[in-house]
Structure formats: C-alpha cells, structure tokens
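Trainee: Below is a structure I'd like to ask you about.
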Amino acid sequence: MPVVHRFDPPERFVAGTVGEPGSRTFFLQAREGTRIVSVSLEKQQVSALAERIDELLDELMGAAGDVLIPAIAPRDMVDGQPLEQPIQEEFRAGTMTLSWDSSDERVVIEVFPFTEAAVVSPEQLQEDLEDLLEPEPEEIFLVRITAAAARSFVERSRTVVGAGRPDCPFCGEPIDPDGHLCVRANGFRRRDP
C-alpha cells in the first residue's frame, strides 16, 4: 500500500525553485498547517503541468454547466512568496495525472515517483505492451484544489519557469551569463542581447 501525501485542499500549493538560473532545482510544494511536502521535478514538467491545467480549465469554461471557472487567477490568490523552509524532497516526480472531480468541483493532481521500471525503450514498444506493467508506486503526492487555486498555480508556474536564463533568439537554447555556443551561428559565442 503506497504512502499517500494527500492535501484536500492545501492551504498553499505552488511550484518554485531553489538555486541560480542555469542550476535551479524545481519543486511542487503543498502545505496544510505545519505539514509540508515537497516533490522535485524538471522544468519541463512544471511547464507541461501548468499548460495542461490551463487547458483543462478552459475546456471546463466552454462546457455547459453550473461550474464557475475563473478566466484568470484571482488577484487575492496570486502567490509570489518563496517556497516554505526547510525544503525536504519526498521524491523525484515521474508520471503525473490530472483530472476534474465534478462532484466537488476540484482539480485533482497526482504525482508519482520516477522509477526506471516506468521508462519504456523503443525496443520494448515493439513487444507486447500487455507484458509491460508499471510497478505500484511507494508514494503518491495527491492535491485537490479549486479552479481559482488552479489558475493561481498556473500563473505562478509560468512566472517561475520564465525567470530562468533567457533563450537564444537563434537556436532557442538557454544563454548562460557568459554566453553560449550557438549551433545556428556556426560555433560563434552569442551573448545575452
């Protein structure tokens, strides 16, 4: 039976970082009272989660029904504070699921630990997929939030992701403070414009 870190609803649920641009560690963090759970993940995972939550909320806005979904994050819910301290990583995020619970109008986010067993190689895809079983996770990070809190999460996540190194306008790769070797410039060092 997995350990479930359940927040229904959390007092605070945010994405945040620790470290300098270029070597930041990203976290999802939930707090309820004095209980804090932090899960590390990749920048792309934060970006994808925020994008998918935004799409889900937009779909719900367009659907007929009595559900009140805000188009933007309510100003009183915008969270610009740093992550809660101390940050103790429970696990590194792997698979994440996202759903809408219409019974109590909550966005449901489940985060499962990364495992090598869950990674499927191209050779394994050619085999019978029924033989591939993902092991039961040891832990689950489960968060249930309102639509307004979800919009707030999306806004903060976009700010956090965008606060890193600027992208090169030519190749799209991040530019370090001392520049980078741009493949589109035949190896010439580009500097931040």
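Trainee: Given the conditions (1) within 27 Å of the chain's Cα centre (by Cα); (2) modelled with pLDDT of 75 or more, and given that Leu133 satisfies all but one, which numbered condition is not satisfied?
Mentor: (2) is the only condition that Leu133 fails.
Trainee: Of the residues Gly179, Gly187, Gly164, which is within 21 Å of the chain's Cα centre (by Cα) and either at pLDDT 80 or above or over 30 Å from Ala71 (Cβ atoms) (or both)?
Mentor: Answer to the check: Gly164.
Trainee: So which of Phe112, Phe141 ends up being modelled with pLDDT of 60 or more, in a strand (DSSP E or B) and touching a helix residue (DSSP H, G or I) at 6+ places or on another chain (Cβ under 9 Å)?
Mentor: The unique qualifying residue is Phe112.
Trainee: Out of Ala117, Ala148, which single residue is hydrophobic (A, V, I, L, M, F, W, C), assigned to a helix (DSSP H, G or I), over 14 Å from the mean Cα position of the chain (by Cα) and at pLDDT 75 or above?
Mentor: Selected residue: Ala148, the only one of Ala117, Ala148 that is hydrophobic (A, V, I, L, M, F, W, C), assigned to a helix (DSSP H, G or I), over 14 Å from the mean Cα position of the chain (by Cα) and at pLDDT 75 or above.
Trainee: Go through (1) touching an Asp or Glu at 6+ places or on another chain (Cβ under 7 Å); (2) exposed (fewer than 15 other Cβ atoms within 10 Å of the Cβ) one by one and return the number of the condition Gly80 breaks.
Mentor: Condition not satisfied by Gly80: (1).
Trainee: Here is a follow-up. Can you name every residue in the stretch 165-182 that is part of a loop (DSSP other than H, G, I, E, B) and either farther than 12 Å from Gly22 by Cβ or among the hydroxyl-bearing types (Ser, Thr, Tyr) (or both)?
Mentor: Listed by number, the residues that qualify are Cys168, Pro169, Phe170, Cys171, Gly172, Cys182.
Trainee: Hey, any hits in the stretch 5-12 for a residue that's modelled with pLDDT of 95 or more and farther than 18 Å from Arg151 by Cα?
Mentor: Yes, that holds for at least one residue.
Trainee: List the number of the failed condition for Ala73; all other conditions in (1) touching a Ser or Thr at 6+ places or on another chain (Cβ under 6 Å); (2) under 23 Å from Gln85 (Cα atoms) hold.
Mentor: It fails just one condition, (2).
Trainee: Among the residues of the stretch 143-179, write down those that are under 16 Å from Val46 (Cβ atoms) and among the basic types (Lys, Arg).
Mentor: The answer is Arg151, Arg156, Arg158, Arg165.
Trainee: Among the residues in the stretch 34-44, are any over 16 Å from Arg24 (Cα atoms), under 18 Å from the mean Cα position of the chain (by Cα) and not charged (D, E, K, R)?
Mentor: Checked against the condition, which is being over 16 Å from Arg24 (Cα atoms), under 18 Å from the mean Cα position of the chain (by Cα) and not charged (D, E, K, R), the stretch 34-44 yields at least one hit.
The values are calculated or read from the model by the stated rules, or taken from the named source; none is laboratory data. These numbers come from a predicted model, not from an experiment. All Cβ positions, even for glycine, are placed from backbone atoms using ideal geometry, and neighbour counts span all protein chains on display.
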